[in-house]
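The values are calculated or read from the model by the stated rules, or taken from the named source; none is laboratory data. Fair warning: this is a prediction, and the values are worked out from it, not measured in the lab. Here the Cβ is made from the backbone with ideal geometry for all residues, glycine too, and neighbour counts use every protein chain on show. Only protein heavy atoms, including side chains, enter the accessible area calculation; ligands, DNA and RNA are left aside. Shrake-Rupley method; radii C 1.70, N 1.55, O 1.52, S 1.80 Å.
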Amino acid sequence: MHSDVNSFLALMYLVFGAIAVAIMLELKGKPKDRIHTRAFVLTHKLLGYSFVAIFVFMLVYMIKKVGAYQDEVNTRTVIHIALAISTVPLLILKIAIVRKYRVLTSSLLTLGAGIFTISTVFVAFTAGYYYLHQSDIRYTSITSVDKDILDNDTGRHFVFKRCGKCHTLERVFRSFKTKTGWSKTVNYMAKIDAPNIRPYEIKQIINFLINQQERQKKNETDEVAQEIGKTLLQKKCTLCHDLERVITASKTETEWQFTVERMINHMGDPDFLSPDDKNVLVKYFMYFQGAT
Ligand code: HEC
Ligand code: HEC
């Protein structure tokens, strides 16, 4: 759910609650004024049920969200949840009195006021915090002046610290994005986790993710080259002698270049190995020697 929708629902929740309490106050406080009683009671009921509906909706959303957290939740969230859940029995009690235990009707106003008070506290507790930190939430991207502060290890540190909270880090490392793409994603994550991910951290994280993606890409290119090298070796270098002769040899890169060149001459066919194939093959031998 978008955070604006979230804020809107929270606001509606409090407004409905406030009006419902005000109506009750009006009805109980001025019992003589009987003209609009029916309309008042109906409005109160409607608001009451909307209040409960929003509450249940947000509760389910909240439980789902927290349930998906990989990390321990912070104190603010714990208090928010504890207060929210504490209104559940009060709401049930209130509905039970309205529907079944009419004799106790006199306690409804107090109960309603209590539920509204707790709701105000837990909404204000979180909303207020975000409101106070709102200036921290702005779009951050890497610019040329940031070059000096950017550091891979710092970036990695923040990715591990910040990005595994709501989903696995696998989700982060599996994604491939352009620089702009990463800027957008990291900023979005910072927004929904506001104000925990700071602008400085956003820059480091974007930088690290772009770099690690490039490294990964390079590794993949290397892997492809190695596969090609292996195939060329098996196809082209076993025509006149066995593989044994090739893989037991140990040479420098230049020596391999000369050897392969000589083999091309032995073959006497200019199309036997293209210059690219030759390079890939020599690289493969170097890799092979290094790896064994
Ligand atoms: C407050 C919780 C939270 C935190 C912290 C968080 N994420 Fe996410 N992330 C989400 C949610 C929720 C989604 C799914 C939202 C969607 O798909 O629109 C998501 C989806 C993603 C995706 C997949 C969707 C896409 O846009 O590619 C990536 C990649 C990602 N997050 C990266 C990160 C990175 C990098 C960080 C650390 C800077 C991070 N997340 C921190 C909640 C979080
Ligand atoms: C046309 C036949 C032919 C083909 C194809 C061929 N070789 Fe040879 N190879 C030879 C002959 C003949 C010798 C022995 C004479 C020499 O060393 O030049 C040899 C010897 C070698 C030796 C041992 C000598 C040294 O310099 O260490 C290596 C290693 C070798 N080949 C590697 C390769 C590789 C790699 C390929 C694939 C690109 C290949 N050969 C393809 C004919 C061939």
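Working only within region 164-178, note down all residues that are among the basic types (K, R), exposed (fewer than 14 other Cβ atoms within 10 Å of the Cβ) and either near ligand 1 (Cβ under 7 Å from one of its atoms) or not in a loop (DSSP other than H, G, I, E, B) (or both).
Start the filter on region 164-178 by keeping residues that are among the basic types (K, R), which leaves 165, 171, 174, 177.
This time we only want the ones that are exposed (fewer than 14 other Cβ atoms within 10 Å of the Cβ), so: 171, 174.
Listed by number, the list holds a single entry, R171.
When the residues of region 149-163 are filtered to those that are surrounded by 15 or more Cβ atoms within 10 Å (Cβ to Cβ) and away from ligand 1 (no atom under 11 Å from the Cβ), which remaining residue is nearest to R215 (Cα to Cα)? I'd like the intermediate steps shown before the answer.
Step one: list which residues in region 149-163 are surrounded by 15 or more Cβ atoms within 10 Å (Cβ to Cβ), which gives 150, 154-159, 162-163.
Narrowing further to those that are away from ligand 1 (no atom under 11 Å from the Cβ): 150, 154, 156-157.
On the way: L150: 17, T154: 17, R156: 14, H157: 17 Å.
Among residues in region 149-163 that are surrounded by 15 or more Cβ atoms within 10 Å (Cβ to Cβ) and away from ligand 1 (no atom under 11 Å from the Cβ), the one nearest to R215 (Cα to Cα) is R156.
Yes/no per residue for (1) without any contact (Cβ under 8 Å) to a residue 40 or more places away in the chain; (2) open to solvent by 40 Å² or more (accessible area, probe 1.4 Å); (3) away from ligand 1 (no atom under 16 Å from the Cβ); (4) aromatic (F, W, Y):
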| position | (1), (2), (3), (4) |
| --- | --- |
| A190 | no, no, no, no |
| R198 | no, yes, no, no |
| F208 | no, no, no, yes |
| E227 | yes, yes, yes, no |
| H241 | yes, yes, yes, no |
| T254 | yes, yes, yes, no |
| K283 | no, yes, yes, no |
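Restricting attention to helices (runs of 4 or more DSSP H) lying wholly within region 184-292, give those where 1 or more residues are among the aromatic types (F, W, Y). Spell out the reasoning first.
Details: elements: 199-236, 243-247, 253-267, 275-291.
Fully inside region 184-292 and qualifying: 199-236, 253-267, 275-291.
Identify the single condition in (1) open to solvent by 50 Å² or more (accessible area, probe 1.4 Å); (2) touching a Gly at 6+ places or on another chain (Cβ under 8 Å) that S119 does not satisfy, given that it satisfies every other one.
The single condition S119 does not satisfy is (1).
With surrounded by 13 or more Cβ atoms within 10 Å (Cβ to Cβ) and assigned to a helix (DSSP H, G or I) as the only criterion, which of A124, A96 stands out? It would help to see each step written out before you state the result.
Values: A96 fails: surrounded by 13 or more Cβ atoms within 10 Å (Cβ to Cβ).
Of A124, A96, the one residue that is surrounded by 13 or more Cβ atoms within 10 Å (Cβ to Cβ) and assigned to a helix (DSSP H, G or I) is A124.
State the number of residues belonging to region 41-88 that are outside any helix (DSSP H, G or I) and touching a residue at least 60 places away in the same chain (Cβ under 8 Å). Walk me through it before giving the result.
Initial filter on region 41-88 (outside any helix (DSSP H, G or I)): 68-74.
Narrowing further to those that are touching a residue at least 60 places away in the same chain (Cβ under 8 Å): 68-71.
Total meeting the criteria: 4.
Every residue in region 271-281 that is touching a residue at least 24 places away in the same chain (Cβ under 8 Å) and not acidic (D, E), please.
Step one: of region 271-281, the residues touching a residue at least 24 places away in the same chain (Cβ under 8 Å) are 272-273, 277, 280-281.
Of everything in region 271-281, those that are touching a residue at least 24 places away in the same chain (Cβ under 8 Å) and not acidic (D, E) turn out to be F272, L273, V280, L281.
Residue check: is R102 open to solvent by 40 Å² or more (accessible area, probe 1.4 Å), over 21 Å from Y13 (Cα atoms) and not assigned by TED's automatic domain parsing to the domain that holds V21? Steps first, answer last, please.
Details: open to solvent by 40 Å² or more (accessible area, probe 1.4 Å): yes; over 21 Å from Y13 (Cα atoms): yes; not assigned by TED's automatic domain parsing to the domain that holds V21: no.
No: the conditions fail for R102.
Among the listed residues N207, N219, identify the single one that is in contact with a helix residue (DSSP H, G or I) (Cβ under 7 Å, 6 or more places away or on another chain) and away from ligand 2 (no atom under 16 Å from the Cβ).
Working: N219 fails: in contact with a helix residue (DSSP H, G or I) (Cβ under 7 Å, 6 or more places away or on another chain).
Only one candidate passes the filter, namely N207.
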